[in-house]
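To keep things clear, I will list the structure first and then write my remarks on it.
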Amino acid sequence: MRFEGIAHRYGRDVDTDVIIPARYLNTSDPDELAAHCMEDLDQDFVKKVQPGDILVAEENFGCGSSREHAPIAIKASGVSVVIAKSFARIFYRNAINTGLPIMEAPDAVDGISSGDRVAVDADTGIITDLSTGTSWQAQPFPDFIRDIIEKGGLVAAAREKVGK
């Protein structure tokens with residue numbers, strides 16, 4: 001899997017309440033969630049983000065409640081992959097379960113600036129800042145996680161497996 005897009009960079013401890021505010025949790029419609037993604041942290045996020053863009057963050061991304069709405073909102077907003085120094089464990093699992101690719105890469109986060117064009121090869125784990133020419137090695141996805149993401153999430157992967 002390869003991703004390429006513009007980096008949107010945020011700080012540490014970005015919690016699920018700012019990824020998708022609780023006042024929008026009365027829906028599970030991905031398009032509706034995407035319309036409000038990150039609005040309490042960055043009101044212009046949905047105006048700036050383009051399909052394929054990359055979200056970059058410091059430590060503990062996705063902390064807070066265990067709502068799966070947060071990775072759904074990010075994915076539906078057009079973000080292709082999230083790169084962070086670390087993720088809250090429940091967010092990490094929810095992201096994989098909903099088919100949102102995420103990568104822990106502290107060195108890459110330190111080197112990527114907001115607005116940089118970034119390429120990610122999830123099969124090899126290589127992250128390249130195309131604006132600066134710098135590359136970093138992250139852990140590539142194991143086959144079973146890549147399979148879940150490629151199928152659009154755990155439910156879709158399980159449906160396909162059961163259907164076989």
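Tell me, please, whether a residue that is surrounded by 14 or more Cβ atoms within 10 Å (Cβ to Cβ) and either in contact with a helix residue (DSSP H, G or I) (Cβ under 6 Å, 6 or more places away or on another chain) or assigned to a strand (DSSP E or B) (or both) can be found in segment 105-116.
Checked segment 105-116: no residue is surrounded by 14 or more Cβ atoms within 10 Å (Cβ to Cβ) and either in contact with a helix residue (DSSP H, G or I) (Cβ under 6 Å, 6 or more places away or on another chain) or assigned to a strand (DSSP E or B) (or both).
Only one of (1) free of Cβ contacts under 8 Å to residues at least 60 places away in the same chain; (2) touching a Phe, Trp or Tyr at 6+ places or on another chain (Cβ under 7 Å) fails for V120. Which number is that?
V120 satisfies all of (1) free of Cβ contacts under 8 Å to residues at least 60 places away in the same chain; (2) touching a Phe, Trp or Tyr at 6+ places or on another chain (Cβ under 7 Å) except (1).
Only one of (1) of a type outside the set (D, E); (2) buried (at least 22 other Cβ atoms within 10 Å of the Cβ); (3) touching a residue at least 60 places away in the same chain (Cβ under 8 Å) fails for K85. Which number is that?
Of everything listed in (1) of a type outside the set (D, E); (2) buried (at least 22 other Cβ atoms within 10 Å of the Cβ); (3) touching a residue at least 60 places away in the same chain (Cβ under 8 Å), K85 misses just condition (2).
Scan segment 127-146 residue by residue and report those that are at pLDDT 95 or above and over 16 Å from the mean Cα position of the chain (by Cα).
The answer is T128, D129, L130, S131, T132, G133, T134, S135, W136, Q137.
Select from segment 28-74 the residues that are touching a Gly at 6+ places or on another chain (Cβ under 8 Å) and either among the charged types (D, E, K, R) or without any contact (Cβ under 8 Å) to a residue 12 or more places away in the chain (or both) and list them in ascending order.
Start the filter on segment 28-74 by keeping residues that are touching a Gly at 6+ places or on another chain (Cβ under 8 Å), which leaves 34, 49-54, 57-58, 70-71.
Answer for segment 28-74, where residues must be touching a Gly at 6+ places or on another chain (Cβ under 8 Å) and either among the charged types (D, E, K, R) or without any contact (Cβ under 8 Å) to a residue 12 or more places away in the chain (or both): D53, E58.
The values are calculated or read from the model by the stated rules, or taken from the named source; none is laboratory data. Computed from a prediction, not measured in an experiment: that's the story for all the values here. Neighbour counts are summed over all protein chains in view; Cβ atoms, including those assigned to glycine, are modelled from backbone coordinates with ideal geometry.
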